[in-house]
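The values are calculated or read from the model by the stated rules, or taken from the named source; none is laboratory data. Fair warning: this is a prediction, and the values are worked out from it, not measured in the lab. Note: ideal-geometry Cβ built from the backbone for every residue, glycine included; neighbour counts use all protein chains shown. Ligands, DNA and RNA are excluded from the accessible area calculation, which covers all protein heavy atoms including side chains. Shrake-Rupley method; radii C 1.70, N 1.55, O 1.52, S 1.80 Å.
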Amino acid sequence: MATNPESPMDLLWKEYSLVFREFDDHTLARWLAQTLGQLEGKAWRLSHPLLGAYRLAAQLGHERQIWFKRLATPPAAYGESPCCRAPMLPLLTRDVRDTGLICQHCNDTLVPYDDVAAAIRGDLETWATQYAPVHAVAHWDDRQRKSAGNYDHAYENAAKEAEALLARAGSRLAPKLLESFAAVVWEDQDECLEVRPEDVLL
Ligand SMILES: [Zn+2]
């Protein structure tokens, strides 16, 4: 699910999603509702296979307007998303201050940053403020790289710091968001710093 639609990874996910295209609307709606029941009460890594499968089905469900048709009833703990009326399943990313929490059904903003519960916004602010300069190392221009002396070293350090910051998102921030949402997803990688999910240990 990379951002470039032509990337090999995207083509692979497209292939994975074919299984859901064989589902009729009712079957897809029931699968989504049932899986939401299994996701309930936990903070999920974006890389988790069950979550990956759910996201594929959810995007197809969005295309087919499954939640508007009310073909299945999602678990009661999930509120209705203002963006697309799907059950609320937010994604926490390092860009939370700019994009808010992202809807896993339509990929639009589910909750603008200013509307996140005040009790956790302070922690999110601190985290995102620490993360921004770390992530920025991946995008330094030539002048900045030169002034750092050993850029490889600076990049390695930034990747290590990103691993710790992502672990904090998964172990502390996402669980706190569970006070506001039935289930939460957190991004457990940083592609620009080449931090992979398996590098982020909880
Ligand atoms: Zn949505």
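Here's a check for you: in region 75-93, which residue that is more than 24 Å from Asp10 (Cβ to Cβ) and more than 13 Å from the ligand (Cβ to nearest atom) is surrounded by the most Cβ atoms within 10 Å (Cβ to Cβ)? Step by step, filter region 75-93, then rank; the result is Pro75. Of the residues that make up region 57-69, is at least one within 15 Å of the ligand (Cβ to nearest atom), open to solvent by less than 30 Å² (accessible area, probe 1.4 Å) and either in a loop (DSSP other than H, G, I, E, B) or aromatic (Phe, Trp, Tyr) (or both)? Yes, the conditions are met somewhere in region 57-69. Hey, could you check region 184-202 for residues that are touching a Gly at 6+ places or on another chain (Cβ under 7 Å) and closer than 18 Å to Tyr54 by Cβ and say which is surrounded by the fewest Cβ atoms within 10 Å (Cβ to Cβ)? Result: Trp186.
Scoring His26 on the criteria (1) over 26 Å from Leu178 (Cα atoms); (2) modelled with pLDDT under 95; (3) not aromatic (Phe, Trp, Tyr) leaves a single failure, condition (2).
Inclusion of Gly100 among residues that are of a type outside the set (A, V, I, L, M, F, W, C), touching a Ser or Thr at 6+ places or on another chain (Cβ under 9 Å) and open to solvent by less than 10 Å² (accessible area, probe 1.4 Å) is warranted.
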